[in-house]
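K.L.:
Structure in structure tokens, see below.
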Amino acid sequence: MINRRTALAGLTAAAATPVLAAPTRRQNAGSPVELPLKITRGLPWTTVALPDGRSFPFGLTTGQRKWGAHPSVTNPDYVPGKNSGGSQIERAVIGGKIEDTAIPCESVPGFFEGLPIAGLIGVIRYQPVLMDWDRQVLSINTRAVPAGYRKLRMDGLVGTFACIKLDIDGHTARVWVAPFIPWGLHLSTGWVKREGLWDKFARRRNDYDGEGNILHQSVIAERITVGGLTLDNAVVRLNAREDRYLRHLGGSNDGVIGFDLLKRLNMHVDRPQDALVFHVGYSGYRHDPYVDDRAGMAFTDYDGALTVTWIDETGPAFKAGVRRGDVVVAADVEAGVAGLPYALTRPAGTQVALDILRIQKRSRVVVTLEDRL
């Protein structure tokens, strides 16, 4: 895993720490308040400041009231494997504007390693909310549903996570809504087998993990329909092996939809009388190109460097001179080597400069990304 301190570098000081007033429990009523959202390495976040002067980037999760955080957030003395984090954040300021106290918080060791966020905000605690990706703001207490939005039926919960149903080229799937996960849509092996989809798509490619095993198959779906709105030419990953997110959910969902697709929809979320309701409308990202690996290589991480353990010999990285066994020690991208996997999903034609180490000799290569599906 990428070292958490490296992954969060430059983010924890993203906002000056506000002065906290006397602790008062925030009420879910009043005028709308807009919190700034930023997007880093494909994940949306806003700043959470604690009374002890620390600030952290926190992502968003729908469907639950409590928060989730790396244990070091709630327990500054946290030592991996020796003690746990606290179960509550006593006081915090969110986005520099909203004060809250006594926030239920689940400590999740290891979950946030390598991510540019240190925790998750359970936004249903502040209902109703509007996630507006066009303006990159999270509006709290936005009671009026924007004109033109369509109602999207919530299809129960997996644990405390909200699920919805969507249509993928005529096949219906029930998926967990996860805006804090960067990729677009992962579908479980069980669902793929039941629907007979493994060899259906003309545009497909096997993707490999760092040990050369098939991790999943990437395909292009012609049309995904969510609440009557259509998302065209999106990458869908058909799992050959269940990933950690699907295992975590216990198998009672068909997959997970993440930020790459959710950002194409602005979303109003409310929970009147404990019945979660989504309303969705197109965002300005509606026609964004699909996001996928455009370099053709896989890595394992060791002590802040990436070792190339699989490479497509017809792909851009191989053409640029990268070989299996090379160690990537530097990258001219946001967050450096830690941000490289996300940087390799950027549009075709993007050039990514890497410093690689091979038999103690360091050299620089430039990989020109290509569409591989």
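K.L.:
Mind ranking 350, 40 by accessible surface for me, highest first, 1.4 Å probe? It would help to have the intermediate numbers written out before the result.
P.N.:
Numbers: 350 40, 40 15 Å².
Most to least solvent-accessible, the answer reads 350, 40.
K.L.:
What's the carbon and sulfur percent of the range 214-373's accessible surface, probe 1.4 angstrom, rounded to a whole number?
P.N.:
Whole-percent figure for carbon plus sulfur exposure: 48.
K.L.:
OK, next. Which one of 122, 339, 196 has the biggest mean-square fluctuation once the chain is modelled by GNM with Cα springs under 10 Å?
P.N.:
196
K.L.:
Quick check for the chain: number of Lys pairs with alpha-carbon distance under 27 Å, counting only pairs 8 or more apart or on different chains?
P.N.:
Total qualifying Lys-Lys pairs in the chain comes to 17.
K.L.:
What relative contact order, as a whole-number percentage, does the range 77-180 give when Cα pairs under 8 Å and 6 or more residues apart are counted?
P.N.:
Working: 101 pairs, mean separation 12.1, N = 104.
Result for the range 77-180 is 12 percent.
K.L.:
Just need the relative contact order of the chain here, percent rounded to a whole number, with Cα pairs under 8 Å and 6+ apart.
P.N.:
This gives 15 percent for the chain.
K.L.:
Hey, another quick one. Per residue, how large is the accessible surface of the range 24-123? Use a 1.4 angstrom probe and give square angstrom.
P.N.:
Here the residues of the range 24-123 average 38 Å² of exposed surface.
K.L.:
Now a separate question. If you average 1/r over all unlike Cα pairs in the range 255-302 and invert the result, what Kirkwood radius do you get in angstrom?
P.N.:
Value: 13.8 Å, from the Cα pair sum.
K.L.:
Please work out the FRET efficiency for the pair residue 351 and residue 31, using the Cβ-Cβ distance as r and a Förster radius of 45 Å; give the result to the nearest 0.05.
P.N.:
The pair residue 351/residue 31 has a calculated efficiency of 0.45.
K.L.:
Can you give the helix-only mean residue ellipticity at 222 nm for the chain, where every DSSP H stretch with n ≥ 4 adds -39500 (n - 2.57) and the sum goes over all residues, rounded to the nearest 500 deg cm²/dmol?
P.N.:
-1500 deg cm²/dmol
K.L.:
A further question on this structure: Using modelled amide H (1.01 Å from N, peptide plane; none on Pro or chain starts), what sits under 5 Å from the amide H of residue 350, excluding residues fewer than 5 places away?
P.N.:
Answer set, sorted by chain and number: 369.
K.L.:
Just to check I understand the Karplus step: with θ = phi - 60° and J = 6.51 cos²θ - 1.76 cosθ + 1.60, what whole-Hz values come out for the range 209-222, glycine and proline as x?
P.N.:
8, x, 9, x, 8, 5, 8, 6, 10, 8, 9, 10, 7, 5
K.L.:
Next question, about the same structure. Before I look further, what does the range 316-373 give for accessible area per residue, probe 1.4 Å, in whole square angstrom? Please report the intermediate quantities before stating the final value.
P.N.:
Working: 3050 Å² over 58 residues.
On a per-residue basis, 53 Å².
K.L.:
A further question follows. Is the range 133-173 rounded, prolate or oblate when judged by the Cα gyration tensor, a ≥ b ≥ c being the square roots of its eigenvalues, rounded requiring a/c under 1.5 and prolate requiring a/b larger than b/c? Spell out each step's value before the answer.
P.N.:
Values: a/c = 2.16, a/b = 1.54, b/c = 1.40.
Judged from the Cα gyration tensor, the range 133-173 comes out prolate (a/c at least 1.5, a/b above b/c).
K.L.:
To continue, here is another question. Taking amide H positions as placed 1.01 Å from N in the peptide plane, with prolines and chain starts having none, which residues 5 or more places from residue 188, or on another chain, fall under 5 Å of its amide H?
P.N.:
Excluding prolines and chain starts, which carry no amide H, the hits are 255.
K.L.:
Enter the accessible area per residue of the range 163-240 (Å², integer; probe 1.4 Å; all protein chains in place).
P.N.:
The answer is 37 Å² per residue.
K.L.:
Can you work out ³J(HN,Hα) from phi for every residue in the range 171-180, in order, using Karplus 6.51 cos²θ - 1.76 cosθ + 1.60 and θ = phi - 60°, giving whole Hz and x for Gly and Pro?
P.N.:
10, 8, 10, 9, 10, 7, 8, 9, x, 8
K.L.:
Based on the mean of other Cβ atoms within 10 Å per residue, sort peptides 145-158, 221-234, 53-66 so the most packed one is first.
P.N.:
For the peptides 145-158, 221-234, 53-66, the packing ranking is 53-66, 221-234, 145-158.
K.L.:
Counting only C-alpha contacts under 8 Å and six or more residues apart, can you give the relative contact order of the range 163-285 as a whole percent? Display every interim value, and only then the final one.
P.N.:
Details: 234 pairs, mean separation 37.5, N = 123.
30 percent.
K.L.:
Also, I was wondering about something else. Quick one: which residues, 5+ away or cross-chain, put their amide H under 5 Å from the amide H of residue 88? H built at 1.01 Å from N.
P.N.:
Here 105 satisfy the definition.
The values are calculated or read from the model by the stated rules, or taken from the named source; none is laboratory data. Nothing here was measured: the structure is a model prediction, and the numbers come from that model. Positions of Cβ are backbone-derived with ideal geometry, glycine not excepted, and every protein chain shown enters the neighbour counts. The area values use the complete protein model at the heavy-atom level, side chains included, leaving out ligands, DNA and RNA. Shrake-Rupley method; radii C 1.70, N 1.55, O 1.52, S 1.80 Å.
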